[in-house]
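The values are calculated or read from the model by the stated rules, or taken from the named source; none is laboratory data. Just so we're clear, the structure is a prediction, and the values are computed from it rather than from any experiment. For neighbour counting, all protein chains shown are included, and Cβ atoms are generated from backbone atoms with ideal geometry for every residue, glycine included. Heads up: the accessible areas ignore ligands, DNA and RNA and are worked out on the full protein's heavy atoms, side chains in. Shrake-Rupley method; radii C 1.70, N 1.55, O 1.52, S 1.80 Å.
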Amino acid sequence: MKAIPVEAGLILAGTLFMLGLISVLIRRNIIFMLISVEIMLNAAGLAFIVAGARWGQPDGQVMFIFILTMAAAEVSVGLALILQLYHQLQTLDGDAANKMKG
Amino acid sequence: MELTFYVASAIAILSTIMVITRYNMVHALIYLIISFLAIAIVLFVLGAPFIAALEVIIYAGAIVVLIIFVIMMLNLREETVQQERSWLTKDIFIFPAILSAILLAEVIYIITSGEQIMLDQPSIDSSAVGMSLYGPYVIGVELCGILLMSGIVGAYHLGRQKKKIVHRFLEHAEQ
Amino acid sequence: MEKYLWLVPALPFAGALILILGSGKLTKGISGFIGAGSVGLSAAISLVLGLQFLREPATVIQQQLWSWFSVGGLSTNFALHLDALSMVFIFVITFVGFLIHLYSIEFMHDDDGFTRFFAYLNLFVCSMLILVLADNLVLMYLGWEGVGLCSYLLIGFWYKEEKNGYAARKAFIITRVGDTAMAIGLFMLFQTFGTLTIQEILNLAPQRLPMGSETGTIIAFLLLGGAVGKSAQLPLQTWLPDAMAGPSPVSALIHAATMVTAGVYLITRTFPLFELAPLAQNWVGIIGAVTLLIAGFSALTQFDLKRVLAYSTISQIGYMFLALGVGAYSSAIFHFMIHAFFKALLFLGAGAVIMVLHHEHDMFKMGGLKDKLPVIFWTFLIGAGSLAALPFITAGFYSKDQILWMALASEKGNIWFFLAALIGAFVTAIYTFRMVFLTFYGEEKTHVGHPVGALITIPLVILGILSFAAGFIELPHTLGHFTLFSDYMTAVVPATELSPGIESTEWLIQLSAAVLCLAGVGIAYFFYMKRTDLRAELKSSMIVTNRFWYSGWGFDQVYDFVFVKPYVYLSSINKNDIIDAFYKGIVSVSNFFHDAFARTQNGVMRWYIMGIVVGAIFVLSIGLLFQ
């Protein structure tokens, strides 16, 4: 196995995370926001894997599985919320759900 | 292997950029699948074959398919793409992009400021992960079970459309 | 009988409690029965006690009920002290009070607040009894404030009219000025003597306070301040004429017979303190003399029947103060008693007249009632005669004559006191009979309503008999020399020391008083019966004086200018309380931050994420800078 520097893996995770973050910040469509959150979660998981590989321990992969579980639960609840929101407001605009503003 | 990593990384980043710039939701999801597959390769290269399989099965399979189902249920048409186009202007990009770039720059600076370490550990197979999961992390596994359970219950409860549930704060605005 | 002393104040208190708690549930008959009955029982007990005191005037009944409070060096008991002096007071309070309660049953019969009226009245009687029976000054102050409260409640009894509420507040606030002085006096007494039990103070006074000492003088003046406020003397007399806004029985009981004489009681009770402060005692006399003149002249010009009586009350209490000032305590108390009889009679009579004439207060719209209301007329005439001190036959003559004589003959008296009292007697005769002639003689100007019933006439007749006969218990040297009352009073207060070699002139003084009194009646007769045309001329020639006297010598205007206006001005400056600015500042700062932070809660999720990102950049930057 040729050596890959730890930095490369972490920078990949960071870049993916940043892209997801930009997407969350610029999108108004609430489904796109959900997709962006998935990208960010995946990036975080990737960082764990890199860290696990760095030390040669399985803990990083265990953490990835936890994040995966969390992402699955989050996406199911999030999609149910999106359905409900669309049903109530007849739009996918996340800014429309601002009734609790101060 | 080294080259595989960099190529897969490049594909992952590019396809993710495509995801965040698409107007059509289904196109975005297809790029997302590509991104996940590329990441799966990266994971494999990093010595986590079991996780790479999970990435393909759950992320690219289950989650993306779930989202596509919802898009189908909502029966979104061409107007949605037009709306998305009108929402996603250049102006709206700038400030979040600058912020994220600063953040990324800081993170990269922090990552690279230490001494360089090579990833040369042997691959960790699924049995080691399984021993760890059901050994020291068993409580985490049970918590994950509870989390999924509550996710199912929550999704069922929220997804019900038997009658219109209006939050009491919204009641006044609705009427 | 002695152990039932506590029942005397307790019965009216119980009556008041029942009436307050049962308000709205009791019928008028039961309310009246409880109200009058409780005071009647008290009156019966005090009559029995009074008979015992007549046999042995030196008796002192002490009754300690319970310990009220004990703080530091001050331990105050709820204890009653009955001696010859308080005996006179509780007799007058309960007996006259009972008659007035009887009268009120009929007088107030058609009033909606019937039960409330009797509750207040009973509470008043209870407070007044506590005032005079109190063993210590703290308890006395409780009664003192209690009567002030009841006075306030009863003046404003018909609270639906704004001016009644105004009069009530005026009375309350002005008497409060005096009460504050008295409270300070009590503090000083405690500081000087370490106790507030009256008898201990009086016993210790000669040792602790040397003759004419500064502390003693200040204390005496402060007590005098309290007395002046309660008894409506100069310069705090302005509340009493306005207090006539209350129902007539209230005027009779509180503002003529009992409460306003609380000042007289206070000074008599603490007379050794005044003896030790000759300056203060002299001022008691001066205040009395000036007040009796000012109030007398004011009474001359009033239209309102009850206001005439109010000013005459001030004037008569002025006589009592004059007597106290010259050390004639027994005379003051004697005049208090007689005054309670005849002034209650006059107020009740006036109330009956006003009721019969459908709430007509203006004397110039009355007239010709002599034949229509014979009982009221004759009793009122007796009361008026007593007030004017018609010679030899009325009680007022004997009590006032004694004061006149003492004003000159006492060691502390002088010719000025005597002249003031003499002129006052002359003026009294004029305004009294002006009132009688205007009200009862001449032609009928207002239609007479239904005649009054027995519950009104009986108290009038009883008080009439007392106003006529009560004077004979004390006759001067020249006329029989019968000294039942002053002998009785020597148990508590010393006999007045007379200037040497002055006895021979007593008959001269009596003669001059009698002549002036009759002359006053004659003048009233001349102007108000014979030559009514001259009256208008006289009035127009003295219009300025008339107005001045009518307004009570302009005291209200002066106070308005000196106290009320600046106070209103100051409060208008400080309308937005300066202290509040600080708290308002806190509020506005909070509001500012609330607004600022509420703006961040705009409901747009992306903003919140942006906030997180900015925070993350901030934290990371700090970490990088300080690593």
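General observations
- Scanning residues 5 or more positions from C:T76 or on other chains, those with amide H under 5 Å from its amide H are C:W68, C:F69, C:S70, C:V71, with H placed 1.01 Å from N in the peptide plane.
- Working note: Debye formula, equal point scatterers on the alpha-carbon atoms of the range B:68-148, no solvent; log10 I(q)/I(0) at q = 0.12, 0.15, 0.27 Å⁻¹ is -0.94, -0.96, -1.19.
- Mean-position separation - Cα centroids, the range C:1-78 and the range C:568-590, in angstrom: 49
- Rounded if a/c under 1.5, otherwise prolate or oblate - the range C:576-625, Cα gyration tensor axes: oblate
- Gaussian network model of chain B, springs between alpha carbon atoms under 10 Å - residue of B:L43, B:L32, B:L119 with greatest fluctuation: B:L119
- Eligible aspartates and glutamates near C:K584 by straight Cα distance, threshold 18 Å, same-chain separation 8 or greater: C:D595
- Spin-label pair B:S127-C:F190: with each label point 7 Å from Cα along the Cα-Cβ axis, the two points sit 9.5 nm from one another.
- Taking the longest Cα principal axis of chain B as reference, the axis of helix B:64-74 is set at about 10 degrees.
- Cα-based shape type of the range C:470-627, given that a ≥ b ≥ c are square roots of the gyration tensor eigenvalues and the cut on a/c is 1.5: prolate
- Long-range tail of P(r) for chain A (Cα pairs > 20 Å, %): 50
- Rounded Å value of the spacing that divides the Cα centres of the range A:61-102 and the range C:273-295: 92
- Note, ³J(HN,Hα) from phi for the range C:5-14, Karplus 6.51, -1.76, 1.60, rounded to Hz, x at Gly and Pro: 4, 4, 5, 4, x, 5, 4, x, 5, 4
- Expressed as a fraction of 2.2 N^0.38 Å, the C-alpha radius of gyration for the range C:323-408 is 1.29.
- For a label point 7 Å along the Cα-to-beta-carbon line of C:D112, residues of the range C:136-176 with backbone N under 19 Å: C:153-166
- Each stretch of four or more DSSP H residues adds -39500 (n - 2.57); spread over every residue of chain A, this sum gives -27000 deg cm²/dmol at 222 nm.
- For the range C:287-359: rounded, prolate or oblate by the Cα gyration tensor [a/c cutoff 1.5]: oblate
- Computed over every Cα-Cα pair of chain C and binned at 20 Å starting from 0, the pair-distance distribution P(r) comes out as 19, 50, 20, 6, 5, 1 percent.
- Judged by the mean number of other Cβ atoms found within 10 Å, the most tightly packed of the peptides C:339-346, C:93-100 leads the ranking C:339-346, C:93-100.
- Normalising the average separation of contacting C-alpha pairs (under 8 angstrom, six or more residues apart) by the number of residues puts the relative contact order of chain A at 26 percent.
- Choice from B:S127, B:S15, B:S35 with maximal GNM fluctuation in chain B (Cα, 10 Å cutoff): B:S127
- As a ratio to 2.2 N^0.38 Å, the alpha-carbon radius of gyration for the protein assembly as shown is 1.70.
- Taking 26 Å as the straight-line reach from the Cα of C:K412, the lysines in range (excluding those fewer than 8 positions away in the same chain) are C:K230, C:K400.
- Rounded to 10°, Cα long-axis angle of helix C:506-525 versus longest principal axis of chain C: 80
- Evaluating 6.51 cos²θ - 1.76 cosθ + 1.60 at θ = phi - 60° for every residue in the range C:445-457, the Karplus couplings come out as 10, 10, 5, 8, x, 5, x, 7, x, 5, 5, 8, 6 Hz, glycine and proline recorded as x.
- Chain lengthening between C:I20 and C:M211 when straightened (0.36 nm per residue, less Cα-Cα): 63.8 nm
- Alpha carbon centroid spacing (whole Å) that separates the range C:507-531 from the range C:361-425: 11
- Compared with the dominant Cα axis of chain C, that is its longest principal axis, helix C:305-325 is turned about 80°.
- Local electrostatic count at B:I152 - Lys and Arg +1, Asp and Glu -1, tallied over other residues with Cβ under 14 Å: 0
- Calculated FRET value between B:A62 and A:N98, using beta carbons and R₀ = 35 Å, to 0.05: 0.65
- Ligands, DNA and RNA aside, C:I393 has an accessible area near 100 Å² when probed at 1.4 Å.
- Compactness of the range C:328-541, taken as the C-alpha radius of gyration over 2.2 N^0.38 Å, stands at 1.11.
- Stokes-Einstein D in µm²/s, Kirkwood radius over Cα pairs - the range B:36-175 at 10 °C with 1.306 mPa s viscosity: 76
- Working from label points 7 Å from Cα in the Cα-to-Cβ sense, the B:V141 to C:D580 distance is 7.0 nm.
- With all protein chains in place and ligands, DNA and RNA left out, the 1.4 Å accessible area ranks C:W607, C:W416, C:W553 as C:W416, C:W607, C:W553, largest first.
- For the range C:1-151, the Cα-based Rg and Dmax, in that order, read 15.8, 52 Å.
- Using a cutoff of 8 angstrom between alpha carbon atoms and counting only pairs six or more residues apart, the relative contact order for chain C works out to 12 percent.
- Around the amide H of C:F482, modelled in the peptide plane, lie the amide H atoms of C:L475, all under 5 Å away and 5 or more residues distant in sequence or on another chain.
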